Amino acid sequence: MLLIPCPWCGERDEIEFSYGGEAGVPYPSDPAELSDEAWARFLFVRANPRGAFHERWVHTHGCRRWFDLTRDTVTHEIHVRER
Amino acid sequence: MRFTFASAELAARDGETLAAALVRNGVRGGFTSLYRGRPRGVYTAGEEEPNALVQIGSETMVRATLVEVTDGLVAEPVAGKGRLERRTTPTRFDAMNAHCDVLVVGGGASGRAAAARASGRVIWLDGRRSDPDLTLPRTWAVGIYDDNYVLAVERGRRVWRIRAQHVILATGAIERPTVFEDNDRPGVMLAGAASAYGHPEGVVAVSGGWSPRVHLWSQARGGLRWDDRIGAPVPSGDLRGVECVGSLTGEGLPDAAPFAIPDGDEEIMFVDLERDATVADVRRSVGAGLRSLEHIKRFTTIGTGSEQGKLANVLALRVAAELLGVHPGELGSTTFRPPYLPVSFALLAGRHRGELFDPVRVTPIHPWHVDRGAVFENVAQWKRPRYYPEENETMESAVLRECAAAREGVAMMDATTLGKIDVQGPDAVEFLNRIYTNAYDSLAVGMCRYGVMCKNDGMVFDDGVVMRVGEHRFVCTTTTGNAAAVLAWMEEWLQTEWPELRVRLTSVTEQWSTVAVVGPGARGHLAQLTEIALDSDAFPFMAIREGEVAGIPARVCRVSFSGELAFELNVDGRQALALWQAVYGAGPITPYGTETMHVLRAEKGYPIIGQDTDGTVTPHDLGLGWIVSKKKPDFVGKRSFARTDTARGDRRHLVGLLPAELVAEGAQIVARPGEHRMLGHVTSSYRSAALGRPFALALVQRGRERIGETVVAGGVAAEIVAPVLFDLEGARRDGVGV
């Protein structure tokens, strides 16, 4: 079980958190302008790297705040955290 | 001390293990192998014991080497395969959480030295030792997970969940068996075990060298390398926060003797005693072309018994390398996974069994439902009355009676479990406009509106009623099971995409209770309890009125989930039972449960999100296109309605079905008997008092174009009709015509 550094509450067990997938995939500014392909990419296509991955978490059973961090998908080491 | 083994009464000494007592009593066999039925005896003095497995009370597959004899102990040998008791184990288990700076695993000399020099909060544990210096004597570390989360088991009764800054593994080494003909005979024993048991008569001591106990290191994803000197894998490389000391590193272990498979009958040279796997089995596996230990393991089942290859794996590696003529290091190693020792599910469950398995939520009115003899159903964590049987009533007759009361007289339901989210802030309208498919600018204070929300893919996620209780304040209801998910969904948008919106969300599900008063007699019934004007002009459909009901402050909404005239009374949860009793006491009224609620809403074609939908259904599929705004520039899900797949003409539509007899929910729908191509499935199915026949709702391909056609649902002929089956013109919601 990961030990996740919540930027607001400190290090807590993974069971307190929910996973939010890849970070940095903003909602398009004008979805109506996008082609079906571009919209489908936003909906369904996410990176799945071996190594450093920028991802979202929410402290569901704590402060309920969303934050980003970078986790190594091989070692599970968490490098960076951002509010 | 006396104990019984296989019906024989024997004597034991204080502190002796069952295995030690058996060996001292001259028991050389006593056990039988799983597949070949060969006689076996105690082989080790530790947790790697492959033969001496016993049943003690309700616990099975217990290693005799790990059980301390107590007076009167009764143990029966188990031939390699346990037997689960049908009854619940009476043993009580528990769990503890702990944090420490240093966790030392292993109570030998190097573990002791590591614990002595460690500073800060130190936990020092060992599975077999009872040394009082240990922080946790008789406690096995069975699993090590990410960020040094260690699961340990104290005396088989208590789980420790330990988070350690630093873990020092001092797990030592395991003596290896050797291969020769009949090496499984009773009396053959590892040299270390023979020594531990005091070199008893008639014991043949064998040793093939020593292998480090690398299991926890490997579980923590530590690397391994083959050490030629000791003839076994040793920990290799570094691991953040985990350190190996003592003979686990190979230090101090004796040089391995050269390894060779002797001549003779390989079918009786055993490599894995618990699995009855032999040198001949390994030869067959490499003959079949297998070259990696992982594959040889799967072919031969070596290492898959309850001792998980503690004895057999390194031996198998050496045998296979010898047969292939390669260096053992080339064959790789198997992956060690938790648990290091078998752990019972009852132990892991701890106190979370029976009533404590999952939290149970009940409404403030629950005691009344219990007194009344309601039959309950679980809806998420809530207990909801499903129906209220009268004497000798079946569910079917109770539901028909309750439905008739709601359609012809007056009935009441506890609707407290619906999720309620208080939405406040100057941008609340804009927020709701973006979350729901319809618009809220035009919703006046004191009115409510039905709303549907979708995910980005355009599929329906939840629905409910949005009440505008103030200029900048709304209460949104959600489905019972989705309340937490909807709040989390809204919160995610506010925090991550719309931080500029000045809106705050609070769950008020527990604070408010809701009592629905339903039926043509609802107005007359309620008029006895309140001065709120209830006629349709003063209190129109979808309006909200604040006032007192039975002297209790209430927010009353004219919403209907049955098509009948209905008032939903929202009050402070602490006064809900008093309100319920007052409503019930004001004249003849029938309480009804979720089953009746389902029938009433289905007769009107109102879908239940999560029952009639499954995450692949759009509002348009449900016939709710009218609730999808065409004016709003954007809202969650809007873009997806124009996707090719979402806009195609042959999607499944929600329709009504009139089957010849009651059909099962989930039943497959095909065009004609004998046809296999699925057109859709039944999502809801009931008997209807109002229609005098069974009916169903279904998702059917191009369903709205097929109205009037007959299809086959679960083998039963059924006519496709519009989903609204009762009161098509919607006249009853104002109580008109009664």
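Numerical summary
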| item | result |
| --- | --- |
| Test: residue in segment A:14-35 that is in contact with a Leu (Cβ under 8 Å, 6 or more places away or on another chain), open to solvent by 40 Å² or more (accessible area, probe 1.4 Å), within 12 Å of chain B (Cβ to nearest Cβ) and outside any loop (DSSP other than H, G, I, E, B) | yes |
| Given (1) of a type outside the set (Phe, Trp, Tyr); (2) open to solvent by less than 50 Å² (accessible area, probe 1.4 Å); (3) assigned to a loop (DSSP other than H, G, I, E, B); (4) within 10 Å of chain B (Cβ to nearest Cβ), index of the condition A:Ile4 fails | (3) |
| Options A:Arg50, A:Arg71, A:Arg56, A:Arg65; residue that is charged (D, E, K, R) and away from chain B (no Cβ under 11 Å) | A:Arg50 |
| For B:Val234: the one exception among (1) more than 14 Å from chain A (Cβ to nearest Cβ); (2) touching a residue at least 60 places away in the same chain (Cβ under 8 Å); (3) in contact with a Gly (Cβ under 6 Å, 6 or more places away or on another chain) | (2) |
| Residue selected from segment B:154-163 under the condition part of a strand (DSSP E or B) and more than 22 Å from the chain's Cα centre (by Cα), by the criterion nearest to A:Glu11 (Cα to Cα) | B:Arg163 |
| Matching residues in segment B:181-203 - criterion: being within 26 Å of B:Arg36 (Cβ to Cβ), touching a Lys or Arg at 6+ places or on another chain (Cβ under 8 Å) and open to solvent by 50 Å² or more (accessible area, probe 1.4 Å) | B:Gly202 |
| Selection count where residues are buried (at least 22 other Cβ atoms within 10 Å of the Cβ) and either under 32 Å from the mean Cα position of the chain (by Cα) or of a type in the set (Lys, Arg) (or both), scope segment B:463-487 | 9 |
| Given (1) in contact (Cβ under 8 Å) with a residue 60 or more places away in the chain; (2) farther than 19 Å from B:Ala45 by Cβ; (3) aliphatic (A, V, I, L, M), index of the condition B:Val69 fails | (2) |
| Residue that is farthest from the other protein chains (Cβ to nearest Cβ), among those in segment A:36-47 that are open to solvent by less than 80 Å² (accessible area, probe 1.4 Å) and outside any loop (DSSP other than H, G, I, E, B) | A:Ala38 |
| Pair list, Cβ < 8 Å and 6+ apart or interchain, from segment B:285-304 residues that are free of Cβ contacts under 8 Å to residues at least 60 places away in the same chain to residues that are surrounded by fewer than 17 Cβ atoms within 10 Å (Cβ to Cβ) and of a type in the set (Val, Ile, Thr) | B:Glu294/B:Thr335 |
| Qualifying positions in segment B:358-397 - among the hydrophobic types (A, V, I, L, M, F, W, C), more than 20 Å from B:Thr478 (Cβ to Cβ) and touching a helix residue (DSSP H, G or I) at 6+ places or on another chain (Cβ under 8 Å) | B:Trp368, B:Val375, B:Phe376, B:Met395 |
| Of all residues making up segment B:300-357, the number that are in contact with a strand residue (DSSP E or B) (Cβ under 7 Å, 6 or more places away or on another chain), assigned to a helix (DSSP H, G or I) and either among the hydroxyl-bearing types (Ser, Thr, Tyr) or open to solvent by 30 Å² or more (accessible area, probe 1.4 Å) (or both) | 3 |
| Extreme residue, surrounded by the fewest Cβ atoms within 10 Å (Cβ to Cβ), among residues of segment A:48-73 that are within 11 Å of the chain's Cα centre (by Cα) and aliphatic (A, V, I, L, M) | A:Leu69 |
| The lone exception for B:Gln55 - which of (1) in a strand (DSSP E or B); (2) open to solvent by less than 10 Å² (accessible area, probe 1.4 Å) it fails | (2) |
| Number of positions in segment B:450-462 that are part of a strand (DSSP E or B) and open to solvent by 20 Å² or more (accessible area, probe 1.4 Å) | 2 |
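So that you can scan it fast, the table gives a plain yes or no per residue for (1) touching a Phe, Trp or Tyr at 6+ places or on another chain (Cβ under 7 Å); (2) within 14 Å of chain A (Cβ to nearest Cβ); (3) surrounded by fewer than 18 Cβ atoms within 10 Å (Cβ to Cβ):
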residue: B:Trp580; (1), (2), (3): yes, no, no
residue: B:Ile589; (1), (2), (3): no, no, no
residue: B:Glu603; (1), (2), (3): yes, no, no
residue: B:Gly610; (1), (2), (3): no, no, yes
residue: B:Val617; (1), (2), (3): no, no, no
residue: B:Leu622; (1), (2), (3): no, no, no
residue: B:Lys631; (1), (2), (3): no, yes, yes
residue: B:Arg639; (1), (2), (3): yes, yes, no
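The values are calculated or read from the model by the stated rules, or taken from the named source; none is laboratory data. From a predicted model like this one, the values you see are computed outputs, not experimental measurements. Using ideal geometry, Cβ is built from the backbone for each residue, glycine included, and neighbour counts are taken over all protein chains shown. Each accessible area value is taken on the protein alone, full model and side chains, heavy atoms only, with ligands, DNA and RNA left out. Shrake-Rupley method; radii C 1.70, N 1.55, O 1.52, S 1.80 Å.
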